[in-house]
Structures are given as structure tokens and as C-alpha cells.
Amino acid sequence: MTQTLLETVDLSVRFGGHVAVDKVSCAFRAGELTAIVGPNGAGKTTYFNLISGQIAATQGVVRLKGENVTRLGVAARCHRGVGRAFQLTNLFPALSVLENVRLVMQARQRRGFSLFSMASAQTDVTSAARAVLERVRLDRLRDQLVSELSHGNQRKLEVAMLIALDPLVFMFDEPTAGMSVDEAPVVLDLIAELKRETDRTILLVEHKMDVIRTLADRIIVLHNGALAADGEPAEVIASDVVQEAYMGKEIENV
């Protein structure tokens, strides 16, 4: 039986009188990519925030490998293996592309470092960082300052930093948003690669149904903060609840 790496049980959060996430219970297995879909305001990003620790739950539980991490903050969950692209990983604009990835690797390995004098003797870390940059097609820009990168390349760097973190759970929140038609396939190919090569859990918030059809093993649908559907992609996409209420004509035109 495939191991459950991440689980939420009756996970909820209220902001005043508004219930943003309403008793969502889901178990996410190793080696599985789950797409989280739903209309704008459905609670997808808020659910991500609850899992990664960026906001505190009003009620319910988050478990990682069976450990209750509900009351832990972002950094503690990160150390235990929850990695979130574009939210968790912050870029250092005054440092180079290579230095950004190297910092993540040094922090993960709990090595000491200085932002202003990188340890040149740590050739193993540098080589590993360059290997990650090659995967995201950024090695040729390794010495460029992050502040000088295009928006698309900054997003690719954030993916590189998440890969360097090597988490148990990869969380991608609309990973291709704002990227050009030429740049987006690189990130999608990387996610597909991670799915093939690892036994990690991958969560993906995405609106593009062609991307979901290609990558997802499973789809869950949120609506008004509650879990509305959960199952295999073909089954969920074809369901009345999705066709009529959540995806509308977008599915018909794919």
C-alpha cells in the first residue's frame, strides 16, 4: 500500500464570519500528483496556506508522515519536508542566480555560510547547485543578479530553489502564471520529471485543464471552501458537479 505523506483532517479556517476552508479532509500519497481546482475564491490558495503553515487553522489537523504539524510555523514545516514554490522560497535579488540556489542547499545541509563571502571550498555544493540550474535551463545565467532576471526566469529560479530544498511534499501554486508560451513548458516538464523520478507527493493548483489532464493522477475540487469532488481526472472532469458548477465551458472547449 502506498504511503500517505500528507493528510488534512477537518481542516478549516474562518476570517470573521467567513469560512474560507470548511472541514477539508484529504490524504495525499507518495508518488501521486494531485491537482486542486475550483472557481476563483474557492479556497485553493487558502488551503495551500494552511498546509504550508502560512496561516493558522481555526480547527482541524495537518499531518506529515503521521506527525501532527498543525501548530508548527512555515520554517518548522519546511525542515520536516513541506516545500512550496513561489510562496515559501524567497529570492535574494542582490545575489546571483547560483548563490540563491547554493544558499538553499547550504541551509538544507545545515552548513554555516555568509551572504557576502561564499565558501569557495564547498565545491560539492556548487556542483550540485549548478546541476539544479541545468535542470531548469538557467545555468548560462548562473552569475547574473536575480534582480536582472525576467519574470519567467525568476519563476524558474524559484522552482530550482524548491528542487534544491528536496522536500517530501512539492507544492506548486499556478506555476506557469505570467510566463510566456515559450517559458511555461520548461516548468511543466520539470514537474512531470519530478513526478516520474521521485516518490514524493506533488500538489498543483492550476486552472489550465490541458495541464491537469497531462500531469494529474487525481483531482480534488474545492467550492466555497469545501471539498466538492475527489477522484481520477477523467471521472472528476466528467462529473456533473464540475461540468455545471466549477469549470463551465472551459472543459467543453479543451
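Ordering ILE51, ALA35, ALA226 by Cα displacement along the dipole of the chain toward the positive end leaves ILE51 in first place; charges were set at the Cβ atoms of Lys, Arg (+1) and Asp, Glu (-1). Multiplying the residue separation of ARG130 and PHE92 by 0.36 nm and subtracting their alpha-carbon distance yields 12.0 nm. Remark: the HIS79-ASP230 segment gains 51.5 nm on full extension, using 0.36 nm per residue and subtracting the alpha carbon distance. For MET105, MET161, the sequence from fewest to most other C-beta atoms within 10 Å is MET105, MET161. Of all DSSP beta bridges confined to the chain, the antiparallel ones make up roughly 55%.
Assign one of three labels to the chain, namely rounded, prolate or oblate, based on the Cα gyration tensor with a ≥ b ≥ c the square roots of its eigenvalues; rounded applies when a/c is under 1.5, prolate when it is not and a/b is larger than b/c, and oblate otherwise. The shape class here is prolate.
Taking each of LYS23/LYS195; LYS44/LYS208; LYS23/LYS65 in turn, the alpha-carbon distance tops 22 angstrom for LYS23/LYS195. Extension gain, GLN3 to THR45, is 12.6 nm, computed as 0.36 nm per intervening residue step minus the present C-alpha separation.
What is the range 23-71 by shape, rounded, prolate or oblate, if you read a ≥ b ≥ c off the alpha carbon gyration tensor as root eigenvalues and call it rounded for a/c under 1.5, prolate for a/b larger than b/c, and oblate otherwise? The shape class here is oblate.
Screening the chain for whole DSSP H helices of 15 Å or more along their axis (Cα) with average Kyte-Doolittle hydropathy at least 0.5 returns 184-197.
Just so you know, all these numbers are worked out from the coordinates, no wet-lab data involved. Quantities reported herein were computed from a predicted structural model and do not represent experimental measurements. Here Cβ is always computed from backbone atoms with ideal geometry, including for glycine, and neighbour counts include all displayed protein chains.
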